[in-house]
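Since the structure comes first, as structure tokens, the remarks are kept for the end.
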Amino acid sequence: MTSQNLSRRGFLGASAATIAYLGAGGPAAAADTTFKFITPFSLSLSFASVLFAEAKGYYNDEGLAFEVESAKGAAMASQMVIAEQMDSARTGGTNYIVSKVDHGAPLISIATIAQLSPFFVITSTENPAETISDLSGRTVGMASLGGSMEGTLDLLLLKGGVDPESVKRVKVADSAASFALIEAGRAGAFIGNTSSMIKAKSTGKGVQAFPMDDGMPGQVYVAREDDVAANPAKYVSFLKATHRAALEIATTAEADLGPILEVIGSMHDVNGLSDMETAKRDLATNAQNWLAKGEENLLRNIPDVWSNAVSMLHGQGMIVEAVDPKTLYTNALLDEALGV
């Protein structure tokens, strides 16, 4: 199965879990002040920008009644926005571009939160993988098949001249506990987010990891194009509060992140908060990604990155057309939020 087919399956395949979510009225039926946001997986410090903004009251300050839910994969998160059950979702840049260009997803990126891929290839020091080509012939675990992780993996394999078919994929939890599969010989590697990598390394069990930097927009916030056009004010408010929270986190020294973590924990059940030192390292590492292109580009969709992304994906045969990258994102909402 090609990478393109994998992306199609992940984005368009309607799962029972997705159908179960589609119940009572979505954003269109809600009050104007309600803003519903969905994360691709269960709550972790990877999503601290929105969790802290909610717990600290920054969304309330902007007049939003904020609600956050978790999906079972990036594809499901995007589907929930398309189905008008959520206002915005976080998803991977690669997955989003493929879904929009090849499948006409009526979405637009309103911000980039992770400027680099937040994913890591995690292996053991006894049988390490140091480059993407080392995964050839291995079984690789990941939290969702057909989503952001798999799209990133496929792109890197193709760029490295490795046949994606040479890597078997299995679904595992995106948590440090999945390292046990490697120890048991049931997987040769697993792909985890920053939080999973930090937690796995904190166990001291001979964990090796390298970042999956694919040159793409790492993680983006998407919304329906028609709703952005009809109701821009709520997205401006969302971005203003989220930027405020993300900047506060990112400019706080790691050693001083305790109070921020306590605020998050006062409202949200986030795995790992019981180990404060590891949680500080986890949050600080995530925040470094948010500022990877400079503080001035926090939440910004960077034109050069998007242009290179389209060229790269088209060159590797992962999208059928080299579209104008400016049709994939907008910075107008962020500019208004920041008074630019």
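The values are calculated or read from the model by the stated rules, or taken from the named source; none is laboratory data. Predicted, not measured: the structure shown is a model, and the values here were computed from it. Here the Cβ is made from the backbone with ideal geometry for all residues, glycine too, and neighbour counts use every protein chain on show. Areas reflect the complete protein model, heavy atoms only, side chains present, ligands, DNA and RNA absent. Shrake-Rupley method; radii C 1.70, N 1.55, O 1.52, S 1.80 Å.
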Qualifying aspartates and glutamates (Cα of each under 15 Å from Cα of residue 168; at least 8 residues distant if same chain): 134, 150, 154
Convex hull volume per residue in cubic angstrom - Cα atoms of region 199-261: 151
Evaluated over the chain, the Cα radius of gyration and Dmax, each in Å: 18.8, 55
For residue 38, distant residues with modelled amide H under 5 Å away: 69, 88, 89, 90
Estimated [θ] at 222 nm from DSSP helical runs (n ≥ 4, -39500 (n - 2.57)) normalised by residues in the chain, nearest 500: -12500 deg cm²/dmol
Radius of gyration, Dmax [region 166-270; alpha carbons; angstrom]: 18.5, 53
Candidate lysines - alpha carbon under 25 Å from residue 240, same-chain residues fewer than 8 apart omitted: 36, 56, 280, 293, 326
Accessible surface of residue 33 - all protein chains present, 1.4 Å probe, nearest 10 Å²: 70
Region 174-247 and region 297-340: distance between their alpha carbon centers, rounded to Å: 19
Per-selection metrics, region 135-175 (Cα): Rg and Dmax in Å: 9.8, 29
Solvent-accessible surface ranking, highest first, for 67, 130 at 1.4 angstrom: 130, 67
Per-residue HN-Hα couplings for region 105-116 [Karplus 6.51, -1.76, 1.60; θ = phi - 60°; Hz; x = Gly/Pro]: 4, x, 10, 9, 7, 9, 5, 10, 8, 9, 5, 10
Pairwise label distance in nanometres, residue 159 with residue 321, each label 7 Å out on the Cα-Cβ vector: 2.5
Cα-based reach from residue 72 at 13 Å (exclusive), listing aspartates and glutamates while leaving out same-chain residues under 8 positions away: 174
